[in-house]
Amino acid sequence: MRLPKMILFDYGQTLVNERKFDGVKGTAEVMKYAVKNRYNYTAEDVQAAANAINDELGRYDPARSHLLQVEVPNGMFSPYLYESMGIELSLSNKERDQVFWDAASPGVPTGGILEFLDFLKKQGIRTGVISNITYCGEAVKDRIDSVVAGHNFEFIIATSEYMFRKPNKRIFELAL
């Protein structure tokens, strides 16, 4: 049997098993860094506005999301969301992504993944990650490095950094 030269992994529920997403919890954590909140919006208000924008874009609609092959990065989405609501944050894009993500959807290694990655490393099989994800690439790398500690992927591609989402062939061509 020939061993593969490389295996590409997805992030969510493959490398990292995330808890159920709670956008209000993530937004509440981000709102702690608001230096201005002109209209005194709550985390619930902000998350409702985010949900309305996402609905308009069809981002998380199972009936339409498979049609979307262009990623909307949080680095564009969040500044629009907060600024349009008169909210100014003291966080960089990366910090905002990390604060939101850690609160909204903490993660743990998916069962058996650490052992499997160790096996691949011992076999000399290279590994990489391609993830359809809106968080910035640095936040994704930091999350993977903290949850799947001790494994160095050759590369981590967050579609937020490269425009195209899986299954678009361009994201796989980039990996090649």
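Laboratory data are not the source of any read-out in this text; all were calculated from the coordinates shown. These figures come from a predicted structure and were not determined experimentally. Here the Cβ positions follow ideal geometry from the backbone for every residue, glycine too, while neighbour counts run over all protein chains shown.
Some notes on this structure:
- Each Lys or Arg adds one and each Asp or Glu subtracts one; over the other residues with Cβ under 13 Å from the Cβ of L8, this totals 0.
- Amide H contacts of L89 (H built 1.01 Å from N, under 5 Å, at least 5 apart or other chain): V35
- The stretch 1-71 has equivalent-ellipsoid semi-axes of 35, 18, 10 Å, by the square roots of 5 times the alpha carbon gyration tensor eigenvalues, sorted largest first.
- Inter-label distance, nm, simple model (7 Å from Cα along the C-beta direction), A63/M76: 2.6
- Loop-resident sites, the stretch 54-145, for chymotrypsin sites (Phe, Trp or Tyr not before Pro), counting at most 15 other Cβ within 10 Å (DSSP): Y60
- On the basis of the beta-carbon distance and an R0 of 35 Å, D118 and E95 show a calculated FRET efficiency of 0.65.
- FRET efficiency for I125 and E173, using Cβ-Cβ distance with R0 set to 22 Å, rounded to 0.05: 0.55
- Against the empirical 2.2 N^0.38 Å (N residues), the stretch 44-102 has a Cα radius of gyration ratio of 1.19.
- If you wrap the tightest convex hull around every Cα atom of the chain and split its volume per residue, you get 121 Å³.
- Where labels lie 7 Å past Cα in the beta-carbon direction, separation of M1 and S84 in nm: 5.1
- Label positions at S146 and K25, each projected 7 Å from the Cα along the C-beta direction, are separated by 1.5 nm.
- Over 32 Å (Cα to Cα) - which of K5/K25; K5/K166; K20/K141; K32/K166; K20/K94 fall in this group: K5/K25; K32/K166
- Based on C-alpha pairs under 8 angstrom that are at least 6 apart in sequence, the stretch 62-176 has a relative contact order of 36 percent.
- Cα-centre dipole for the chain with unit charges at Cβ (Lys and Arg positive, Asp and Glu negative), debye to 20: 600
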